[in-house]
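Student: One structure is given below, represented as structure tokens, and several questions about it will come after.
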Amino acid sequence: GAALVRVTRYHEELEDQFDQLVRHDLRLADQAEVLLRLTVDLETGKRGFLLTGSPVLLETYTRARRELVPAVAAVRATAEDAEERHAIDEFEALLAQWVSSVSEPQIHDRSLGHAIDAQRVEDGRVLIDELRGILTRLRDKAVTAAELVKRFAIERVPTQPWRLAPTDV
């Protein structure tokens, strides 16, 4: 009976630790995926407008810009370590740079009927690739961490619970 109580307590504690860690990692991965989708929407909406001049296509861009603010705030609230916070800071800085130096000037120029600046297109592509890279690394790190926690938890389950030492519970 005492061994069963110890094993039960051990499993409950392990399950709580597992749930907390995995929840954080999976939430962070999901949030990074949302930011990736919004980044694609920004680029797609802007590019569609530049190619066609149709203001309807700017709605995707405008919606994505509006949704990015709470999405970034959610990721920032979830980030726990310095590496995660640094990734979000870097993402925000590059995104602000992309908006101010690439997308908004391109949209403005296209609205006035000016030709698209090839250098600005290239600069925008480089920044968007960097933004995607940051988010992909953040997402992949979170997924890997969740898998490691899961693997560690599974490996820690004793095969002979009656041999647990008092320090194991």
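Student: Given labels modelled 7 Å from the Cα in the Cβ direction, how far is it in nm from Ala93 to Ala77?
Tutor: If labels sit at Ala93 and Ala77, their model points lie 2.5 nm apart.
Student: Shifting gears a bit: Using a Förster distance of 22 angstrom, determine the FRET efficiency expected from the C-beta separation of Arg151 and Leu26, and round it to 0.05.
Tutor: 0.90
Student: Whole-Hz ³J(HN,Hα) for each residue in region 130-136, computed from phi via Karplus 6.51 cos²θ - 1.76 cosθ + 1.60 with θ = phi - 60°, x for glycine and proline: what do you get?
Tutor: Per residue, the Karplus-derived 3J(HN,Hα) values read 5, 4, 4, x, 4, 5, 5 Hz.
Student: Just how large is the dipole of region 15-126 about the Cα centre, in debye to the nearest 20, putting +1 at every Lys and Arg Cβ and -1 at every Asp and Glu Cβ? Spell out each step's value before the answer.
Tutor: On the way: 13 positive and 22 negative charges, 161 e Å.
It works out to roughly 780 debye.
Student: How much length is gained on full extension from Ala115 to Ser54, taking 0.36 nm per residue of separation minus their Cα-Cα distance? Walk me through the numbers on the way to the answer.
Tutor: On the way: separation 61, 0.36 × 61 = 21.96 nm, distance 1.53 nm.
That works out to 20.4 nm of additional length.
Student: I would also like to ask the following. Of the peptides 96-108, 38-50, how do they stack up when ordered by the mean number of other Cβ atoms within 10 Å, highest first? Each step should come with its number before you reach the end.
Tutor: On the way: 96-108: 16.3, 38-50: 19.8.
Final packing ranking: 38-50, 96-108.
No lab work stands behind these numbers, since they all come straight from the coordinates. Just so you know, these numbers come straight off a predicted model, no measurement behind them. A quick note on method: Cβ atoms are made from the backbone with ideal geometry, for glycine too, and the neighbour counts reach across all protein chains shown.
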